[in-house]
Amino acid sequence: MLSIRRILWPTDFSSGADRAFPHAAALASWHEAELHVLNVKGEGAESEGDAGIPISHADLTDLLEAEGDPPQHVDVEALSLVQEQRTHDSPPEAIVEYAEDEDVDLIVAGTHGRRGLQRLLIGSVAEEVLRTAPCPVLTVRGGEDIAPAWAVRNILVPVDFSDASIEALRHAKELALTYGAQITLLHAVEEVVYPSAYGVEPANLPGPQVIDRVEESLANLARTEIGYEHVVVDARVGYAPSTILDYAESNSVDLVVIATHGRTGLERMLLGSVAERVIRRAAAPVFSVKSFGKSLLPEPTES
């Protein structure tokens, strides 16, 4: 099980934020973690009537039950809640500062799902938190027809064989044990196309032999890193973000666990092009594990 002591749920009282609460509550319940509820209002902004901090147990229960009947052990009354409101001219900065001050292990944030061209945007607050948070972030898109927070049965892990994606796979293993879910390891084999100015003949598309070798490597990775039978491996030819998103949509994926390749300093602002596109467009919640951020993996046991 992942080592999660404190979970942060930032809320602006929108439907997008509300959609993330059941995920935060379920994980807090299963890990016996503190659940921190944070609202950030702008400088000079006034509270909107009764919409403010603290949020009553009754209202939080309503958010939980909006997912359907929760398991008996996911109970708002039993949660260890910490609620705070801060004033700041930049909500993303305030959320990240709070996460650092309180040594938060996981941020569970709602995003504002949209249609058409706007669907490409997840909202500046969530995106900025994703880029700068010191810990993993679970983003949940509002208004999508996805599985309830406690009914995750199919976890997708895009793997590019980097150290960062293997770290994400290790987190996915622990999440799968928590949810009782199957894991799918997916690798996109991208085509190599050279501009005509290079004077190079177009490369042949990756054939069955390449796919077989990649799937064999994925299977070996599954055996060494997961070691139990509920694993599927798949390799497909195509542009990585589109391949991942198409697979998630057509295979009823309930959760995507993906690595981001940002670093410290100025490069910390980068999520990586594949991860950023998947996070922005995936209908299912996305658990982002940062190459430079906090690890939630349990300490290895001494043999």
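Coordinate-derived values only; no laboratory data. Values in this document were obtained by computation on a predicted structure and should not be read as measured data. No Cβ is skipped: glycine too gets one built from the backbone with ideal geometry, and neighbour counts run over all protein chains shown.
Key figures for this structure:
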read-out	value
Two-site FRET efficiency, Asp101 against Val237, from Cβ-Cβ distance with R₀ of 51 Å, rounded to 0.05	0.65
Summed side-chain charge close to Asp103 - residues other than Asp103 whose Cβ falls under 10 Å, Lys, Arg +1, Asp, Glu -1	-1
Amide N of segment 6-30 lying under 20 Å from the label point, which is placed 7 angstrom from the Cα of Asp59 along Cα→Cβ	8-26
Sequence-distant lysines (8 or more away, or on other chains) whose Cα lies within less than 25 Å of Lys173	Lys290, Lys294
FRET efficiency, His88 to Ser250 (Cβ-Cβ, R0 41 Å, nearest 0.05)	0.50
